1. Please order 141, 15 by the number of other Cβ within 10 Å, starting at the fewest.
2. Cα-based Rg (one decimal) and Dmax (whole number) for segment 2-126, in Å?
3. With 20 Å as the cut-off, how large is the P(r) tail for segment 15-76, expressed as percent of Cα-Cα pairs?
4. Points 7 angstrom from Cα along the Cβ direction at residue 10 and residue 188: gap in nanometres?
């Protein structure tokens with residue numbers, strides 16, 4: 001059994017993910033062609049090959065960054081930022097679960113995984129879409145933030161989490177505020193302080209954020225909206241009301 005996925009912007013490029021577990025072959029099979037199928041090259045590389053659960057179901061290319069690939073296996077999901085040369089487990093709170101399909105929302109920069117046992121799982125991949133060799137080579141990098149929205153919420157219905165069985169189900173909205181995502185090279189000393197300023201140079205928020213650990217993965221701090229204060233954006237634009245305070249995440 002196999003799945004063919006065409007590249008989004010290159011008509012002669014497509015990917016093939018295949019598996020053969022029904023014949024006691026649990027190895028992942030993953031290949032790419034750049035000449036319309038005349039030749040294929042394996043891009044399994046460092047994907048796990050010893051587990052009986054890591055055979056592949058799906059591959060997906062990011063619509064904004066052709067070097068960013070995702071695969072789903074019968075155990076988890078993996079990501080590559082170099083078009084399959086190296087792979088890492090996508091472990092952003094994803095439990096060990098079969099991933100049968102992957103979709104990427106082009107507007108919201110989110111990946112949706114269809115799992116067998118954990119329903120749909122959604123993760124923000126905006127920072128991954130901006131990862132390039134140039135970004136990785138820098139000691140410090142601030143990713144372009146996603147648009148954040150202000151909204152009001154009505155009172156809760158006095159029901160916990162998922163409600164009471166047949167009663168009305170309620171779910172929490174996404175976290176309130178704007179996420180500021182950054183990356184530091186491994187071994188950078190100390191913690192991080194993020195300062196948000198307006199065009200006049202006035203400080204709107206000062207955020208104490210986590211530093212790096214043993215790996216140099218992107219990190220995020222949250223800038224939350226709590227009140228209103230006039231901020232002049234430029235001499236040619238009107239004033240708008242806001243005030244933001246921050247709690248590190």
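Quick note: the coordinates plus some simple rules give every number you see, no bench work behind them. What you see is a predicted model; the values in this text were computed from it and never measured. FYI the Cβ positions are ideal-geometry reconstructions off the backbone, even for glycines, and counts take in every protein chain you see.
1. Least crowded to most crowded, the residues run 141, 15.
2. Expressed in Å, the Cα Rg and Dmax of segment 2-126 come to 13.7, 41.
3. Working: 524 of 1891 pairs.
Cα-Cα pairs in segment 15-76 separated by more than 20 Å: 28 percent.
4. Simple spin-label model gives 3.1 nm for this pair.
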